[in-house]
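A.B. asks: I have a structure I would like to understand better, so I am pasting it below and will then ask my questions one at a time.
The values are calculated or read from the model by the stated rules, or taken from the named source; none is laboratory data. If you're wondering where the values come from, they're calculated on a predicted model, not measured in any experiment. Here the Cβ positions follow ideal geometry from the backbone for every residue, glycine too, while neighbour counts run over all protein chains shown.
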Amino acid sequence: MYYFLYTLLALLGLYGLVCMGVYFYQERLIFFPEVLPADYRFHFEEAHQEVYLENTDAQNRLHALWFRKNDQKSERVVLYFHGNAASLASWGSVAKDFVRLGYDVLMIDYRGYGKSIGKTSQERFLKDAQKAYEFVSKHYPQDNITVLGRSLGTGLACYVASVGKVERLILETPYYSFASLVSHHAPYLPAFLLFRYNFRSDKYVLRLACPVHIFHGTADSTIPYTQGARLAKIIPQVDFITIEGGTHNNLSEYPSYQKALTRILKK
């Protein structure tokens, strides 16, 4: 009897330590940034410029790349929120898919990524995303703004589209909510209690007033196909595009993706 109780208490103690570790070190489990020196030079074939979005916090510097076809401002823009790893040094390469269709692109690096600095929190992430939207809305008609989120960035994209006027929202490999994704990978953890980051895409999309297009691959093991399908079910105006065999990082390599993207952006 005592052996059973000691074992139970030891297991509960170990479980508690695991939960404490996850809570206090969750940023290291979620974010995998690449830090760039301030003098780093980007090399992309597409014309682009570096911009720092206005802010009043000296400890916060939000860096972005602004791609403009032939260095001239287009009438339409894609506001792009990238995934949880790397920096604009690599993410900038996706701009070509939109520039070739006549769109400008603005993409930001989150705090701690690339040349952006500042303390992170969910509230700050959302405010920075809103700041990016305010930047593009100063340069483009709101009806000509496409918001696109990839992976982690889908939650930010959903939020921005829910609070601002945009032409459309495109989501690539989205989660239903961040906590539901954590629960899928670690069902033994009380994700809703432990994680300070719970981008509620499931709530944001209920306030949308624009068409939504979702891309998801059936072989995605990072954010399962079921997450995107579940999110699509609660969106009235949704175009759910299944990429058969697509994984988390290779959707753009499929002709079906490029064909659908062209159809959406040429409307």
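A.B. asks: Let me confirm something: among A260, A209, which residue is in contact (Cβ under 8 Å) with a residue 40 or more places away in the chain, more than 18 Å from the chain's Cα centre (by Cα) and assigned to a loop (DSSP other than H, G, I, E, B)? Full working, then the answer.
C.D. replies: On the way: A260 fails: assigned to a loop (DSSP other than H, G, I, E, B).
Among A260, A209, only A209 is in contact (Cβ under 8 Å) with a residue 40 or more places away in the chain, more than 18 Å from the chain's Cα centre (by Cα) and assigned to a loop (DSSP other than H, G, I, E, B).
A.B. asks: Right, something else. Just one of R150, R124 is of a type in the set (D, E, K, R) and surrounded by 18 or more Cβ atoms within 10 Å (Cβ to Cβ); which is it?
C.D. replies: Values: R124 fails: surrounded by 18 or more Cβ atoms within 10 Å (Cβ to Cβ).
From the options R150, R124, the qualifying one is R150.
This table checks each residue for (1) hydrophobic (A, V, I, L, M, F, W, C); (2) surrounded by 14 or more Cβ atoms within 10 Å (Cβ to Cβ).
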{"site": "V205", "(1), (2)": "yes, yes"}
{"site": "A219", "(1), (2)": "yes, no"}
{"site": "P236", "(1), (2)": "no, no"}
{"site": "N250", "(1), (2)": "no, yes"}
{"site": "R263", "(1), (2)": "no, no"}
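A.B. asks: Here is a further query. With the condition kept exactly as written, say whether any residue in segment 61-84 is modelled with pLDDT of 95 or more, under 30 Å from P187 (Cα atoms) and either over 16 Å from the mean Cα position of the chain (by Cα) or of a type in the set (S, T, N, Q) (or both). Walk me through how you get there before you give the answer.
C.D. replies: The first filter runs over segment 61-84 and keeps only residues modelled with pLDDT of 95 or more, leaving 63-67, 76-84.
Remaining after also requiring under 30 Å from P187 (Cα atoms): 81-84.
Still in the running and either over 16 Å from the mean Cα position of the chain (by Cα) or of a type in the set (S, T, N, Q) (or both): 84.
Checked against the condition, which is being modelled with pLDDT of 95 or more, under 30 Å from P187 (Cα atoms) and either over 16 Å from the mean Cα position of the chain (by Cα) or of a type in the set (S, T, N, Q) (or both), segment 61-84 yields at least one hit.
A.B. asks: Hey, can you tell me all the residues within segment 180-203 that are within 15 Å of the chain's Cα centre (by Cα) and more than 30 Å from Y140 (Cα to Cα)? Give the derivation first.
C.D. replies: Quick first cut of segment 180-203, residues within 15 Å of the chain's Cα centre (by Cα) only: 181, 197-202.
Listed by number, the residues that qualify are L181, Y197, N198.
A.B. asks: Here's something else I'd like to know. Report whether or not F195 is closer than 30 Å to F24 by Cβ and buried (at least 17 other Cβ atoms within 10 Å of the Cβ). Talk me through it step by step, then tell me what you get.
C.D. replies: Numbers: closer than 30 Å to F24 by Cβ: yes; buried (at least 17 other Cβ atoms within 10 Å of the Cβ): yes.
In short, yes.
A.B. asks: On to the next question. Out of the residues in segment 8-29 that are of a type in the set (A, V, I, L, M) and within 23 Å of the chain's Cα centre (by Cα), state the one that is modelled with the lowest pLDDT.
C.D. replies: Let us first name the residues in segment 8-29 that are of a type in the set (A, V, I, L, M), namely 8-12, 14, 17-18, 20, 22, 29.
Checking which are within 23 Å of the chain's Cα centre (by Cα) leaves us with 22, 29.
Details: V22: 85, L29: 92.
Selected residue: V22.
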